[in-house]
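Only one structure is covered here, and it is reproduced in the block below.
No value in this document is a laboratory result; all are computed from the given coordinates. What you see is a predicted model, and the numbers here were worked out from it, not measured in a lab. Cβ coordinates were reconstructed from backbone atoms using ideal geometry, including for glycine residues, and neighbour counts include every protein chain displayed.
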Amino acid sequence: MTDARLFANARPYTRWWWFSGPIDEAVIRHQLDWAAANGFGGVEIAWMYPQAEGVLGAPWLSAAWAVPARYAAGYAAQLGLGCDFTMGSAWPFGGLHVAPEDAAQTWHGPSPQRLEKSWETPLGVDGGLILNHLDRGALERYARRFGAALGLPDDQAPFARPGFFCDSWEVLPDALWAANLDAAFVALLPEERRSGHHEVVIPPRSDEGGSDFAIEAEHLTMRFGDFTAVD
């Protein structure tokens with residue numbers, strides 16, 4: 001098999017930023033036509049904040065918001081392109097629809113971080129709470145709400161289902177916490193070491209910035225900033 005045949009389907013995707021505002025179907029067609037004509041394999045739609053002094057787009061997760069996204073996915077399929085989606089109204093994931101019980105937490109209580117730029121709000125306006133990425137239930141509720149609002153058919157060619165993903169975490173790490181996070185750290189230890197002494201060490205806050213912390217597990221220390229998965 002020649003190199004050309006081997007990589008015939010190895011086409012790149014491109015990020016496609018949709019700034020908050022009116023979305024024109026003619027523009028969607030024009031840009032997807034260009035992508036197909038120039039050898040791209042697909043696009044990744046990322047919803048963004050409004051441009052300076054711009055008009056806000058349709059309300060986040062509303063029926064009107066979903067119409068152009070479904071149109072883009074359908075037209076992309078006609079061209080043989082994939083169409084994937086980031087799942088946020090900008091970064092980090094969050095928004096006005098995130099309930100306090102699903103919001104990011106710190107060792108000291110609710111996270112003070114707020115969404116500063118969002119599809120939902122004008123620039124400079126509080127965009128809502130940040131999703132607790134370390135809580136499986138919170139993430140599942142967020143994903144179900146997003147998927148139900150988008151309502152894409154699951155048989156759309158060329159792929160059975162589009163990709164949905166978090167493309168940029170951007171959550172403040174200072175003392176970030178979740179219930180049973182210490183147990184999740186310990187579960188990473190070799191089985192023969194899980195019965196040892198485990199202690200959460202929280203340095204005091206200082207004027208220079210937020211506190212950082214680590215899990216002390218016998219002689220093994222794992223910094224929280226290097227840990228990204230928890231049930």
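Values for this structure:
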item: Residue exposure sequence - His108, His97, His133, His30 - by fewest surrounding Cβ within 10 Å; result: His30, His108, His97, His133
item: Whole-number percent relative contact order across region 1-149, with pairs defined as alpha carbons under 8 Å at least 6 apart; result: 23 percent
item: Within-9-Å neighbourhood charge of Thr86 [Cβ basis; K, R +1; D, E -1]; result: -2
item: Radius, Kirkwood style, for region 48-185 when every pair of distinct Cα atoms is counted (Å); result: 16.2 Å
item: Calculated FRET efficiency for the pair Ala143/Arg29, C-beta based, R₀ 45 Å, to 0.05; result: 0.95
